[in-house]
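To keep things clear, I will list the structure first and then write my remarks on it.
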There are 2 protein chains.
Amino acid sequence: MSAVISPLAPKHIPDLPPIAGIRMATAAAGIRYTGRTDVLLALFDEGTTAAGVFTRSKCPSAPVEWCRARIKYGKARALLVNAGNANAFTGRKGRTATRLTAALAAKAAGCKPDEVFLASTGVIGEPLDVGKFAAVMDDLRACAAPGRFLEAAQAIMTTDTFPKVATARAVIGGTNVVINGIAKGAGMIAPDMATLLSFVFTDAAIAAPALHAMLKDSVADTFNAITVDGDTSTSDTLMLFATGKSGAPRIAKAADPRLRSFRWALRQVVARLAELVVRDGEGARKLVEVTVEGAVSRASARRIALSIANSPLVKTAIAGEDANWGRVVMAVGKAGEPADRDKLSIWFGDVRVAHRGERDPNYDEARVTAVMRKPEIALKVALGLGKGRDRILTCDLTKEYVTINGDYRS
Amino acid sequence: MSAVISPLAPKHIPDLPPIAGIRMATAAAGIRYTGRTDVLLALFDEGTTAAGVFTRSKCPSAPVEWCRARIKYGKARALLVNAGNANAFTGRKGRTATRLTAALAAKAAGCKPDEVFLASTGVIGEPLDVGKFAAVMDDLRACAAPGRFLEAAQAIMTTDTFPKVATARAVIGGTNVVINGIAKGAGMIAPDMATLLSFVFTDAAIAAPALHAMLKDSVADTFNAITVDGDTSTSDTLMLFATGKSGAPRIAKAADPRLRSFRWALRQVVARLAELVVRDGEGARKLVEVTVEGAVSRASARRIALSIANSPLVKTAIAGEDANWGRVVMAVGKAGEPADRDKLSIWFGDVRVAHRGERDPNYDEARVTAVMRKPEIALKVALGLGKGRDRILTCDLTKEYVTINGDYRS
């Protein structure tokens with residue numbers, strides 16, 4: 001947590017309604033931080049289904065391996081999350097720690113360890129002390145209560161400067177259901193499955209395979225379409241829990257037309273959480289939407305958009321409020337995708353700065369400077385080759401990013 | 001050019017001997033900078049052969065297109081280079097500018113335009129004013145003299161903080177030959193053929209195809225094995241000119257055993273220039289050699305080394321003198337190459353910090369801190385899977401990089 005809140009933080013934090021079948025508690029276990037909560041326990045009523053997507057890192061954290069091995073059963077009774085220590089690259093000790101913490105949570109929830117899901121975020125490579133969980137588990141169980149989503153979002157923060165929450169309503173078979181989500185992000189943010197930790201909860205009654213299909217669909221244009229620094233965490237986790245306590249009919253298949261409203265609302269929640277992660281990118285001062293159109297395919301548009309969004313030279317130029325479109329050309333050129341310099345056009349906001357491979361004949365420095373001074377900047381590249389289009393959300397690269405990451409561990 | 005010289009600059013700049021058949025001159029044409037030289041003209045005697053490798057960017061500069069179209073003839077009489085304007089993404093105007101400047105240089109050299117090579121570095125997207133060259137061309141021709149390699153290296157600098165030169169001697173058929181090289185680098189440095197501008201000169205007599213083969217070979221582990229920011233310039237150019245005036249026998253084929261000494265010396269010069277480019281990486285305070293061994297193949301080792309060397313989180317940690325090997329694990333994990341977390345070992349300098357997927361049992365913070373405080377840091381990762389090994393040179397990511405690139409254009 002930082003004393004200085006991101007200038008891109010939302011002005012308004014929505015109220016998240018309680019969700020039937022979920023109780024939560026947070027505690028200050030002192031895993032790394034002092035004077036703040038750092039552990040979250042969520043308890044789910046019996047019958048809760050679960051789905052998850054995880055990092056594609058070849059060196060995942062121990063909790064990711066724990067969850068991946070159990071998500072196939074599709075049943076959840078407890079979620080235990082901690083901040084301050086990622087329990088990643090901790091070898092046999094790490095695996096032992098997940099087994100022991102899951103056993104503690106299972107006892108608290110009155111369930112099997114296989115119905116407990118774990119997530120850890122923070123420093124990599126330090127052994128995680130299970131005793132810290134043992135010391136607070138009784139309190140967590142005793143205090144668990146409905147609601148508390150904002151407190152939950154606060155307990156899982158690391159270098160985040162504000163808690164990230166989102167909520168939406170949907171209708172299934174004439175009955176209202178709620179979807180609440182929380183996330184934490186800040187650094188090591190690149191699109192490769194879910195990004196760091198995010199948990200979404202609903203009182204809808206949906207079978208686990210259908211949940212999984214919808215969750216996976218929701219990620220492609222949200223969590224997988226954001227980047228802060230191009231670095232992919234060993235712990236990226238996005239999970240969705242459905243208690244089934246809304247009274248809405250139980251849905252077995254993702255293709256069921258009654259899920260239309262739910263699918264849309266889920267996408268809204270996940271998209272909002274992904275955007276909040278970028279808005280709290282380490283050191284971020286500008287939110288940048290990179291759109292590439294006219295590519296030979298959508299995949300090609302995405303690769304070019306990522307090349308732009310991950311370019312340190314583009315990101316530092318934006319930090320300096322400099323409409324340096326030459327660096328955008330450079331990033332298009334290095335992406336390795338089909339591009340024809342002489343067909344390229346580039347916009348910052350609504351100002352076209354380059355057209356068909358040259359500076360726009362009506363280039364107006366004053367107009368583009370006004371665009372660059374805004375906290376939110378749209379950058380568009382038209383390749384003029386085909387119909388492929390995609391967009392990526394990112395932020396600028398500032399001295400604060402370097403400061404934050406130059407002395408995070410020490 | 002910067003007032004503050006990189007702390008990684010070499011203590012000693014070697015004297016570069018003149019090379020028979022080459023005369024050089026520099027001038028202050030005021031293309032962008034004032035109070036410094038910004039144009040280099042090199043004139044080659046008749047019979048000079050040439051080879052070149054160029055950026056793989058899909059949006060190359062106009063001079064790169066000019067050179068690529070002519071290098072196949074393998075003959076050079078003049079090289080004209082300017083700093084301050086890259087003549088990239090300048091459309092038809094850019095092509096016209098290359099044609100006109102080549103004509104000017106051809107007139108000065110008394111040769112055909114097809115024997116003139118051009119290179120431009122600096123801002124992208126601004127039209128290049130041919131009049132600037134016209135105004136200094138007579139003086140350049142009149143003043144051209146043997147030697148002057150250091151002045152040449154100075155004239156092509158942009159954000160470089162020191163001129164980059166290297167020299168070596170070789171023997172061909174019992175006769176001594178000289179190889180001199182100059183380079184400019186600083187930003188937009190990533191391994192994709194040659195990196196920004198570098199020119200190598202020799203008085204050896206070698207046919208163009210053999211020159212090309214040796215130049216290409218020399219790049220793989222030198223210019224293509226360095227990265228400052230992962231950004232690839234639209235102008236990357238490395239050229240080699242051989243005047244044949246040494247009196248050494250003329251060599252037709254790269255496989256000729258008489259080229260052994262020359263090949264080795266060429267590699268020394270090119271490797272030194274590549275290292276100097278990293279030592280002058282924008283904002284660099286640490287030179288970092290990333291070695292990956294035990295990968296399934298050499299290509300896999302390179303991709304993992306690049307993932308580490310380009311990771312903003314690894315680079316900022318090194319800037320902060322923090323032996324944050326957890327981020328190295330992260331970078332290994334995101335490379336997408338075969339890796340087994342539980343076989344991974346990591347060293348900073350001679351201190352093993354992680355062994356077989358866990359913090360080293362003998363981990364000694366004081367010893368590793370001493371390593372991190374040095375200006376040159378060796379980072380080694382052993383994967384324990386195979387025999388693939390490779391190394392990449394890079395630098396740290398500092399606040400100065402952000403400062404330099406946040407207000408370069410304005």
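Here are the numbers for this structure:
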item: Criterion: under 22 Å from residue A:240 (Cβ atoms) and crowded, with 20+ Cβ neighbours inside 10 Å - qualifying residue of A:119, A:88; result: A:119
item: From B:279, B:260, residue being charged (D, E, K, R) and at pLDDT 90 or above; result: B:260
item: Residues being assigned to a helix (DSSP H, G or I) and closer than 18 Å to residue B:314 by Cβ - total across segment B:360-376; result: 4
item: Flag if residue B:76 is of a type in the set (A, V, I, L, M) and touching an Asp or Glu at 6+ places or on another chain (Cβ under 7 Å); result: yes
item: All helices (runs of 4 or more DSSP H) inside segment B:264-359 with 3 or more residues being within 8 Å of chain A (Cβ to nearest Cβ) and buried (at least 24 other Cβ atoms within 10 Å of the Cβ); result: B:312-319, B:325-334
item: Residue within segment A:94-107 that is buried (at least 24 other Cβ atoms within 10 Å of the Cβ) and within 19 Å of the chain's Cα centre (by Cα) present; result: no
item: Among the residues listed as B:405, B:362, the single one being out of contact with any strand residue (DSSP E or B) (no Cβ under 7 Å at 6 or more places or on another chain), more than 14 Å from every other protein chain (Cβ to nearest Cβ) and either surrounded by fewer than 15 Cβ atoms within 10 Å (Cβ to Cβ) or not hydrophobic (A, V, I, L, M, F, W, C) (or both); result: B:362
item: Matching option when the condition is out of contact with any helix residue (DSSP H, G or I) (no Cβ under 6 Å at 6 or more places or on another chain) and touching a residue at least 24 places away in the same chain (Cβ under 8 Å), among A:378, A:339; result: A:378
item: Yes/no for residue B:96 being within 14 Å of another protein chain (Cβ to nearest Cβ) and within 23 Å of residue B:135 (Cα to Cα); result: yes
item: Scan of segment B:39-59 for residues that are within 14 Å of another protein chain (Cβ to nearest Cβ), surrounded by fewer than 24 Cβ atoms within 10 Å (Cβ to Cβ) and under 17 Å from the mean Cα position of the chain (by Cα), ordered by number; result: B:54, B:56
item: Enumeration of residues in segment B:141-174 that are of a type in the set (A, V, I, L, M), assigned to a strand (DSSP E or B) and in contact with a strand residue (DSSP E or B) (Cβ under 6 Å, 6 or more places away or on another chain); result: B:145, B:165, B:166, B:168, B:170
item: Count - residues of segment B:1-30 that are among the hydroxyl-bearing types (Ser, Thr, Tyr) and assigned to a loop (DSSP other than H, G, I, E, B); result: 2
item: Wholly enclosed strands (runs of 3 or more DSSP E) of segment B:31-118 bearing at least 3 residues at pLDDT below 95; result: B:49-54, B:78-85
item: Meets criteria (among the small types (Gly, Ala, Ser), part of a strand (DSSP E or B) and modelled with pLDDT of 75 or more) for residue A:210; result: no
item: Cross-chain or 6+ apart pairs with Cβ under 7 Å, segment A:392-403 first and among the acidic types (Asp, Glu), then not in a loop (DSSP other than H, G, I, E, B); result: A:396/A:288; A:396/A:315; A:396/A:318; A:396/A:319
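The values are calculated or read from the model by the stated rules, or taken from the named source; none is laboratory data. Keep in mind the model is a prediction, meaning the values are calculated, not measured. Here Cβ is always computed from backbone atoms with ideal geometry, including for glycine, and neighbour counts include all displayed protein chains.
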